[in-house]
Structures are given as C-alpha cells and as structure tokens.
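A quick write-up on the structure given underneath.
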Amino acid sequence: MSAGGQHSDPGATYMRALRRDHAGLSRVLREIDTQAERLTKAPDDAGPLLAEAMRYLLRYHHAFHHPREDRLFARIRERDPELDATLADLSDEHEVGEAEAERLACDLEAATVKQLRGRSGRRLAERVNEYVRHTRAHMRHEEAVFYARAESALDAEDWRYIIGSDHGPQDPLADLAEMGNSYPRLASSLGLPVTHLGLLDPVEPLSEEMEEQMLALTDLYGGLLHDALDLGRGNLDRLLAVRGPGALVSAVGEITRANLEFAGRCLLSPPRWAINTGAALIVASLKPYLEPRQPQD
Amino acid sequence: MVSWQTRTANLLGRLTIRQSLRRDFSVAEMRERIRTMERFFPDLPADIRIDREPGLSHCDAEWLIPTTGPTERVILHFPGGAFLTRFVRAERLLMARLCRSANARGRLVFYRLAPEHPYPAGLDDCMEAYRQLLDLNVAPDNIIVSGMSAGGCLALALLLAVRDEGLPLPAGAVLMSPAADLTEHSEAGSRLANAPHDAVLSLERGDDIRRLYLGDQLDRVNHPYVSPVLGDYAGLPPLFFQVGSKEILLDDSQRCAERARSAGVRAEVEVWDRVPHGWQTLSFAPESGRAIDRLADFIREVCP
C-alpha cells in the first residue's frame, strides 16, 4: 500500500488500492453467500470454509483495510465537517463488523457437524447472511459518501501523512496461488468456474416422470384456459356487434357453434394419459361421496 | 429451497408467457399482451432518477441515476424479449435495483426490434450506445456490459464487435440467461432436455424468432455476432453468467463460458435451481434480490 506514494497522484493511487480491497472483499462475500446456503446441508465442507473466510476477513480487511479507512476518515473529518457524523457512523460499523466476524469465526470453528446440520446451523447461516448484508451495505455507503469525496477533500500534505503512516500488507487475494497457502479451502473454492445455487435441495417430492406429467397437464389445461378466454372475448365481440333481431339470431347461432366446437375440443384434444390422470383424480376426490353409506344404528 | 414466490412465478409464467409463446400469434399481439402483463410491475424506487438525454440516433435510451451519491461505474444494459419485444417496466426496475446494489449508473438501451428492423439494426444501436459512452469520457474500465436473454446475445456480440474493431474493452460483462445460439443445431442438449420444465420459454418459436430477427439474412445465422456461442472469446474481459437449472437456455451460458475459458478469459457460471427465465426481474422473489446482490458483487469486483 505504501508504494502508492511513488505515484504522481498519490491520493488517486491510494484510493484505487482501497477500491481494489473492496473488489476482493466482494469476491469473498459472494463465496460466503454461497457457502452459507450450504451450511446445514454440507456442513463438513461449508463450515470450515466459512470459518476460513471469516479468518481471512479478520486478518486482512478488519486488521488492515478498515484501519486505513479510519485514518482517512479522521483526516477528512478535520477538513470537511459536513461529513463528520457520516464518517463516525462508518467507523462504528467497522467495529461492529469486526466483532461479529470474530464471533462468527469462533462459533463456526467450535460447532460440530451434527450441530451445523440442526437448528444451530440454521441460526449460524442466518447470522452469516446478516454479516454479508451488513458488509455490502457498508461498502455501498462508503463508496457513495466517502470514496467519492476523499480525493477532493484532502491535499498533498494530507496524503503524505496518510501514506507515510501506512505500512500494512497488500490484500493476499491478489495472488490466488499464494492465498492457497494460508486459506486453501477458500482459495480453491474461489477458483471454481461454476457455482450451483440451491441445487443441494432434494429434488421435488414427485418423481421425475410425475413432475413432467404435472407440467404437461399445466401446459395442456393452461392452453385450454387461454382458448376459453379467447372464446369469451369473441362471444362478447359478436354480441356487441349485434344491430337488430336478425343479427342477434345469427350471433347466437355463431356463439353456440363456437362454444360447441370448443367443448368438443376440450373432450377430444387431451391425450389418453391426461384423460386417465384427470379421471383418476376426479374419481379419487368423489369416492367418499359415491360409496354407499352404512346404515346408522 | 426454492421460495414460494418463485414457485408461484413458475406457475404464472407457465400459464401466461409460455402459453403465449406456444400459440399462433402476431408480433403485435405479443407486444400487446406484454404491455398488459407489465402493469403488474411496480414503479421505479424513489432514489433512482431517469434521464433521457443524450439520446441515440435510431432508438430510445435512458440513464438510471441513483440519487445516493456520485459514481463512476456505468452498467450498459440491453433488455431481453426475443429481439421482437421487451418488458420495459420490468427491465427498468431490474436495472434500478442493480444500479443501487452496485452503486452504479445504468444506461438502458431500447435497441430497434425485429421484424421491422432486422439484424444488424439492434446490434448497431448497442454499438452506438457503447461508442457514446466513450465519447462522454466514461473510462472503459468503468463500463460493465449487461444483457438479459436476447439482450445477453447482443451483449456478447457487442463485446466481440468492440474487440474486432479495436475499441477499448469494458471492465466485464454480466449475462442473464443469454440466448447465444440461434442456429438450427441449437435444438439439442438443454433446449430439448429442459423443454418440458422451462416455465417461460418454449422451443416452438425458435424458427420464427430466427426468421424474424434475421429477415432475408438467414445465411448469417452462424456468424458470431448472431450466435455468439460460435465466437472466439480471446481478449475479452471477465464474463459472469446467471442461468436457471431448468431453462432451455442453460447450455448457451455453459457453452459460451467454456469457450471463453478455453480462450483464457475468466468466465463464471451460476446455475440457479428451478428459477424461471428472467427471475432477476421478479422483485417480490428472494432469489431475485440474491441474484442482483451477487451480480453487484461481481461488478464491484471487476470494476473497483
């Protein structure tokens, strides 16, 4: 980070480095979001990965990135009092976020696989999701309020002071191979080209064949429903066009013919399997009423 | 677990849009039906302002500007609609939510539609919009190209065209279920396997869409600007795909991403379980909010 001082515009370089940190953080947040969903279903894999991700955030973002921003906030508050309250809020959010990340890392490391599969796992996943939501909102707020104004609010001397007092490391995420030495699970997961969201759920309670039949039935009767709507619209148009008794008789005749055609199509167009499935459903639902009643004593 | 809101959307999509696509209808009828459906989409949130200046030569375009604070990032978005129509309100709302989440300005391009304006009119409009951003001194590494469905096809085609013309490339692209293969050979893989499951799209209209989009240039269907799945992705910026596991367009995303990776381009695919085509626009569904947050994460990552 201190290398920024060698650039012709040290403020811009410093701010670019902070933005790159946000880029890395966004990538990790997306991975945390993926793993939080898997926590109760694949705890032996997702649990350690999430704990590793929290440790990474604590060891880089909370330990170095946020103190950098806090130093900037302090300087900007001196120069631009209008931002005082907002920047104080952002600094507070850093503390709250760090404390929660620490608690989450400890709880994830301490939880057993059995605990993660149950209610504790669900609660932990909710807390992880809340941490992700909070961190995203915090980043958005920083970018909209503080990043946009930092460069114009500070002068060359401010930047010399800020850069001179910064001896922290670069984000290790810049080199995924290097990252793999300290955070192997996180690094390998970040390198995956395909992510599945929600696919850990058991497939529908219906069998594949039943599901396809259900969908086909929905298509079939959905189509007939559309036809019925078109028919109704056509009937109405015919009636509205009636001018005199002769036209009324003719319209009623046309409407009757169209309705009978549609009724015929309803009876004839469904394939045998649809009729069988539909009939079976009707018989099953009517059965209690059709069975002979037992005589009462 | 797929939310009840998304399950409901799947059923409604199957009973409305999918039915409309399967029936014999005119383009005018389809546009009218979509205008009717659009009434159900909410208005823009109050913290997003629309600005229609400057315009483009042949089509409308809008700026969507968050009022929360200044930002350099610009998302250049091309809406979907099978090249024939579009969901204006739905795409505007999608962009508003994405802009808010990614802290970016949105540039929504209502490119010319077929059959009145067949290929390459739509792509020309997209190119003009990109050139205009450069002329407005938007740094290319602050631009994210985005597209939904047919708009995803145009977004990919735009990237290939920008590279081929030697223009500076954007920082990255987000592709939401792009329709990247218009060839007749596309009717295999997920197009067939997912045909009964897709809650919105139907295979039946493939020939019509191809014919209407290309007009008398059907022989260009294998051109990468028409079917970007056949393109050479070397030199392109990072790509991020989102697609549903039961969409007929699933393979389009996966094939494009594989092709990009084989050319050394970073390309990620997110496969979402049983969501309908265009679920990102369904602001009432939790999967939509989550998808938008993840798109914003990617945007912030490649466009810091």
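The values are calculated or read from the model by the stated rules, or taken from the named source; none is laboratory data. It should be emphasised that the depicted structure is a prediction, and the values quoted were computed from it without experimental measurement. So basically every Cβ, Gly included, is an ideal-geometry build from the backbone, and we count neighbours across all protein chains shown.
Matching residues to (1) more than 14 Å from chain B (Cβ to nearest Cβ); (2) touching a Lys or Arg at 6+ places or on another chain (Cβ under 7 Å); (3) assigned to a helix (DSSP H, G or I):
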| site | (1), (2), (3) |
| --- | --- |
| A:His22 | no, yes, yes |
| A:Lys41 | no, no, no |
| A:Ala53 | no, no, yes |
| A:Tyr60 | yes, no, yes |
| A:Pro67 | yes, no, yes |
| A:Arg75 | yes, no, yes |
| A:Glu82 | no, no, yes |
| A:Leu90 | no, no, yes |
| A:Gly97 | yes, no, yes |
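Residue check: is B:Glu32 more than 13 Å from chain A (Cβ to nearest Cβ) and surrounded by fewer than 19 Cβ atoms within 10 Å (Cβ to Cβ)? So B:Glu32 does not fit the description; no.
Suppose we keep only residues that are under 26 Å from A:Ala53 (Cα atoms) and touching a residue at least 40 places away in the same chain (Cβ under 8 Å) within region A:137-164. Which one would you say is farthest from the chain's Cα centre (by Cα)? Applying the filter and picking the extreme gives A:Tyr147.
Looking only at region B:213-267, residues that are surrounded by fewer than 21 Cβ atoms within 10 Å (Cβ to Cβ) and acidic (Asp, Glu) come to 4 in all.
Between B:Leu160, B:Leu93, B:Leu98, B:Leu108, the distinction of being over 29 Å from B:Ser283 (Cα atoms), within 18 Å of the chain's Cα centre (by Cα), in contact (Cβ under 8 Å) with a residue 40 or more places away in the chain and outside any loop (DSSP other than H, G, I, E, B) belongs to B:Leu160 only.
For region A:128-159, a tally of residues being exposed (fewer than 15 other Cβ atoms within 10 Å of the Cβ) and more than 30 Å from A:Tyr14 (Cβ to Cβ) returns 1. Going by the structure shown, is B:Ser101 closer than 20 Å to B:Asp293 by Cα and in contact with a Gly (Cβ under 6 Å, 6 or more places away or on another chain)? Judged against the criteria, B:Ser101 is not a match. Looking across region A:243-252, the residues that are of a type outside the set (Val, Ile, Thr) and surrounded by 11 or more Cβ atoms within 10 Å (Cβ to Cβ) come down to A:Ala247, A:Leu248, A:Ser250, A:Ala251. Looking only at residues of region A:137-164 that are in a helix (DSSP H, G or I), modelled with pLDDT of 85 or more and of a type in the set (A, V, I, L, M), we find that the one that is nearest to A:Asp33 (Cα to Cα) is A:Ala137. Residues in region B:247-274 that are of a type in the set (D, E, K, R) and either away from chain A (no Cβ under 11 Å) or in a helix (DSSP H, G or I) (or both) were compared, and the one that is nearest to B:Gly172 (Cα to Cα) is B:Arg261. Tallying residues that are assigned to a loop (DSSP other than H, G, I, E, B) and more than 14 Å from chain A (Cβ to nearest Cβ) within region B:56-71 yields 4.
Each row is one residue, and each column tells you yes or no for (1) acidic (Asp, Glu); (2) away from chain A (no Cβ under 12 Å); (3) without any contact (Cβ under 8 Å) to a residue 12 or more places away in the chain; (4) not in a helix (DSSP H, G or I).
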{"position": "B:Gln242", "(1), (2), (3), (4)": "no, no, no, yes"}
{"position": "B:Pro276", "(1), (2), (3), (4)": "no, yes, no, yes"}
{"position": "B:Gln280", "(1), (2), (3), (4)": "no, yes, no, no"}
{"position": "B:Ser283", "(1), (2), (3), (4)": "no, yes, no, yes"}
{"position": "B:Glu287", "(1), (2), (3), (4)": "yes, no, no, no"}
{"position": "B:Ile292", "(1), (2), (3), (4)": "no, no, no, no"}
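Scanning region B:270-289 for residues that are more than 16 Å from B:Asn194 (Cα to Cα), surrounded by fewer than 22 Cβ atoms within 10 Å (Cβ to Cβ) and touching a strand residue (DSSP E or B) at 6+ places or on another chain (Cβ under 7 Å) yields one hit, B:Glu270. Summed over region B:1-26, the residues that are modelled with pLDDT under 90, over 21 Å from A:Asp219 (Cβ atoms) and more than 10 Å from every other protein chain (Cβ to nearest Cβ) give a count of 1.
Do we find a residue being assigned by TED's automatic domain parsing to the domain that holds A:Leu116, within 15 Å of the chain's Cα centre (by Cα) and hydrophobic (A, V, I, L, M, F, W, C) anywhere in region A:41-58? There is no residue in region A:41-58 that is assigned by TED's automatic domain parsing to the domain that holds A:Leu116, within 15 Å of the chain's Cα centre (by Cα) and hydrophobic (A, V, I, L, M, F, W, C). When we screen A:His134, A:His167 for residues that are over 21 Å from A:Pro48 (Cβ atoms) and either within 14 Å of chain B (Cβ to nearest Cβ) or at pLDDT 85 or above (or both), the only hit is A:His134. Checking each residue in region B:10-29 for being touching a residue at least 40 places away in the same chain (Cβ under 8 Å) and either of a type outside the set (S, T, N, Q) or surrounded by fewer than 16 Cβ atoms within 10 Å (Cβ to Cβ) (or both) picks out B:Leu11, B:Gly13, B:Arg14, B:Ile17, B:Arg18, B:Leu21, B:Arg22, B:Val27.
Being basic (Lys, Arg) and either within 13 Å of chain A (Cβ to nearest Cβ) or within 19 Å of B:Gly278 (Cβ to Cβ) (or both) is the filter here, so list the residues in region B:35-55 that pass it. Answer for region B:35-55, where residues must be basic (Lys, Arg) and either within 13 Å of chain A (Cβ to nearest Cβ) or within 19 Å of B:Gly278 (Cβ to Cβ) (or both): B:Arg35, B:Arg39. Only residues that are of a type in the set (S, T, N, Q) and over 17 Å from A:Tyr14 (Cα atoms) were counted in region A:160-181, giving 1.
The residue list B:Leu134, B:Leu76, B:Leu123 contains one member that is under 22 Å from B:Ala171 (Cβ atoms), surrounded by fewer than 24 Cβ atoms within 10 Å (Cβ to Cβ) and touching a Phe, Trp or Tyr at 6+ places or on another chain (Cβ under 9 Å), which is B:Leu123. Figure legend. Inter-residue proximity from region A:94-109: first residues closer than 14 Å to A:Arg136 by Cα and assigned by TED's automatic domain parsing to the domain that holds A:His134, second residues assigned to a helix (DSSP H, G or I) and among the acidic types (Asp, Glu), beta-carbon distance below 7 Å, spacing 6+ or different chains. Indicated pairs: A:His94/A:Asp70. A:Leu104 fulfils the conditions (1) modelled with pLDDT of 85 or more; (2) more than 21 Å from A:Glu52 (Cα to Cα) except for a single criterion, (2).
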